[in-house]
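Have a look at the structure below, then the notes.
The values are calculated or read from the model by the stated rules, or taken from the named source; none is laboratory data. Quick caveat, the model's predicted, so the values are computed rather than measured. Ideal geometry is used to build each Cβ from the backbone, glycine not excepted, and the neighbour counts take in all protein chains shown. In case anyone asks, the SASA skips ligands and DNA or RNA and just uses the protein heavy atoms, side chains included. Shrake-Rupley method; radii C 1.70, N 1.55, O 1.52, S 1.80 Å.
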Amino acid sequence: KKTDHIVATQLPGGCEPLTTVTDIDGNVYSVVTIGSQCWMGENLKTSKYRDGSAISEVTDATEWKNLLTGAFCYYDNDNAHDATYGKLYNWHAISDSRGICPDGWHVPHDNEMQVLMRFLGSADDVSGGRMKEAGTEHWLTPNAGASNSSGFTGLPGGMRFQEGQFDHLGTNGLFWSSRQDSESLAFYINLTYNSEVTHRT
């Protein structure tokens, strides 16, 4: 079970007149319309739920593995990654009823992610390339098919496994959906450096 992919948020109906959205910590994010949907153009960085309650920062691997409550961390527990990649969140933070996204926004359902992928091309054939930041400043070479023509600006912020280890910085960008499949699994999408496919998992 993978438990802490980067959060993307979505608002139905397009963005206008929004150009930015601000979270409860005061972080400001760009906003982009993709088809009929409105998405943040950056990864979430908040350390609080919508009501102001703190989300715990957990660095210890054993503690992370045993968590039954919401938590965040920085990749490799290095907060220097926050400015570029935002925070990594576990499932409990995503599913908490207090809401992790700014007011009026939500973690996208798997169905909403599928709408996004279909709009960007053949559901999962080339949509990943259209969602990834172009070039190799952050993505490992070859960053296959990356054009960012959607404006989503997906970054390879990596992940933290349930067991507490970190991996995939520079090679994978993993984005939670709010759809739980079972007690131990939830859907997410994965963008990778060596493919233009969006992997829905």
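Please list the non-local residues whose amide H lies under 5 Å from the amide H of residue 154, H modeled 1.01 Å from N, same-chain partners needing a gap of 5 or more.
132, 133
If I take every Cα pair under 8 Å that is 6 or more residues apart in the chain, average their sequence separation and divide by the length, what percent do I get for the relative contact order?
Numbers: 503 pairs, mean separation 46.3, N = 201.
With pairs under 8 Å counted, the relative contact order is 23 percent.
Taking a probe of 1.4 Å, how large is the accessible area per residue of the range 26-95, in Å²?
42
Would you work out what percent of the accessible area of the range 22-129, with all protein chains in place, is carbon or sulfur (probe 1.4 Å)? Walk me through the intermediate numbers first.
Numbers: 2040 of 4630 Å².
Here carbon and sulfur together make up 44 percent of the probe-accessible area.
Apply the Karplus curve 6.51 cos²θ - 1.76 cosθ + 1.60, θ = phi - 60°, to the phi angles in the range 89-94 and return the couplings in whole Hz, x for Gly and Pro.
Karplus-based 3J(HN,Hα) across the range 89-94 equals 10, 7, 4, 4, 5, 5 Hz.
What list of ³J(HN,Hα) couplings, whole Hz, do you get for the range 190-196 from phi and the Karplus terms 6.51, -1.76, 1.60, once you set θ to phi - 60° and write x for glycine and proline?
So the Karplus estimates, Gly and Pro as x, are 10, 9, 10, 5, 10, 7, 9 Hz.
Sticking to Cα atoms, compute the Rg of the range 7-100 to one decimal and its Dmax as the biggest Cα-Cα distance, whole number, in Å.
When restricted to the Cα atoms of the range 7-100, Rg and Dmax are 14.1, 45 Å.
Taking DSSP loops as anything outside H, G, I, E and B, show the longest stretch in the chain free of GluC sites (Glu not before Pro) there with at most 14 other beta carbons within 10 Å. Mind showing how you got there, number by number?
Details: sites that count: 137, 163, 183.
That gives 1-136 as the longest site-free run.
Near the amide H of residue 42, under 5 Å away, which other amide H atoms are found, from residues 5 or more places off or on another chain, if H is placed in the peptide plane?
Answer set, sorted by chain and number: 30.
What does the helix-only formula give at 222 nm for the chain: each DSSP H stretch with n ≥ 4 adding -39500 (n - 2.57), the total divided by the residues, and the result rounded to the nearest 500 deg cm²/dmol? Could the numbers behind the result be given before it?
Numbers: 5 runs with 30 residues, N = 201.
Helix contribution divided over all residues of the chain: -3500 deg cm²/dmol.
Per-residue HN-Hα couplings for the range 155-166, Karplus 6.51 cos²θ - 1.76 cosθ + 1.60 at θ = phi - 60°, whole Hz, x for Gly and Pro?
Once rounded to whole Hz, the list reads 10, x, x, x, 7, 10, 5, 4, 6, x, 7, 9.
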